[in-house]
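J.: Handing you a structure now.
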Amino acid sequence: MSDHNIQGQCLCGEVKFVTRDPHHIDACHCKMCQRWAGAVFIGADYRKSDDVKITDDTSLVWYASSDWAKRGFCRTCGSSLFYRLKDKDDFWAVCAGSLDLPDGLKLGQEIFIDEKPDLYDLAGDQPKLTGSEFLATLNLEVDS
């Protein structure tokens, strides 16, 4: 995949940002993401601190959703936008629906599969990691 600028924004356009091609696309089934996104969270995964550049943050608000993470959203329209680790500037998960992503991307992995409700299954044979397995890939240990 080429390395080009991808535009992103919230529903009302008061928060705008630019990214590069994502590391991969994840589906997160954790209970917090279910409440935050209203269902499974589909996020573009970035692993460098400068992969996401916020160009207009007029209405960007951050919420500390746990001891280790925060979530960014638009205070005007309520769009869920970003998930960040508090102590690791090099990890971003950006709501895939907020990005003008190119066609042809495939789901890279499903995470927190141990918290997925029974009411849906995603197509494909992508890797499926439990919450503990995924957090280990980030060198992050948390108490459940």
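J.: Among 42, 111, 54, determine the one that fluctuates most according to a GNM of the chain built with springs between C-alpha atoms less than 10 Å apart.
T.: Highest fluctuation among the options: 54.
J.: With a point put 7 Å past each Cα toward its Cβ, work out how far residue 139 is from residue 5 in nm, to one decimal.
T.: Simple spin-label model gives 3.2 nm for this pair.
J.: Let me ask something else about it. Express in % the proportion of alpha carbon pairs of the chain at distances exceeding 23 Å.
T.: 32
J.: Still on this structure, please answer the following. Using the structure shown, list the pairs from 16/48; 53/128; 48/128; 48/116; 16/116; 53/116 with a Cα-Cα distance above 25 Å, or answer none.
T.: Values: 16/48 19 Å; 53/128 29 Å; 48/128 23 Å; 48/116 28 Å; 16/116 31 Å; 53/116 31 Å.
Beyond 25 Å: 53/128; 48/116; 16/116; 53/116.
J.: Identify which of 37, 27, 123 has the largest mean-square fluctuation in a Gaussian network model of the chain, with springs joining Cα atoms closer than 10 Å.
T.: Per the Cα network of the chain with a 10 Å cutoff, 123 tops the list.
J.: Summing -39500 (n - 2.57) over the DSSP H runs of n ≥ 4 in the chain and dividing by its residue number, what mean residue ellipticity at 222 nm do you reach, to the nearest 500 deg cm²/dmol?
T.: Values: 2 runs with 14 residues, N = 144.
Mean residue ellipticity at 222 nm (helix-derived): -2500 deg cm²/dmol.
J.: Search the structure for amide H atoms under 5 Å from the amide H of residue 69, placed 1.01 Å from N in the peptide plane, and list their residues when 5 or more places away or on another chain.
T.: 86
J.: Please give the net charge around residue 89, taking every other residue with its beta carbon less than 15 angstrom from that of residue 89, where Lys and Arg add +1 and Asp and Glu add -1.
T.: On the way: positive: 47, 48, 53, 70, 84, 86, 88; negative: 45, 50, 51, 87, 90.
For residues surrounding residue 89, the net value is +2.
J.: Just to confirm a number: summing +1 for Lys and Arg and -1 for Asp and Glu over residues other than residue 27 whose beta-carbon lies under 15 angstrom from that of residue 27, what do you get? Don't skip to the answer; put the middle values down first.
T.: On the way: positive: 31, 106, 116, 128; negative: 26, 45, 110, 114, 115, 121, 125, 133.
For residues surrounding residue 27, the net value is -4.
J.: While we're looking at this one, here's another question. Got a sec to turn the phi values of the range 98-108 into Karplus ³J(HN,Hα) couplings, 6.51 cos²θ - 1.76 cosθ + 1.60 with θ = phi - 60°, whole Hz, x for Gly and Pro?
T.: Once rounded to whole Hz, the list reads 8, 9, 8, 6, x, 5, x, 6, 10, 5, x.
None of the figures in this text is laboratory data; all of them are computed from the coordinates on show. Treat the numbers as computed from the prediction; the structure is a model and nothing was measured. Cβ coordinates were reconstructed from backbone atoms using ideal geometry, including for glycine residues, and neighbour counts include every protein chain displayed.
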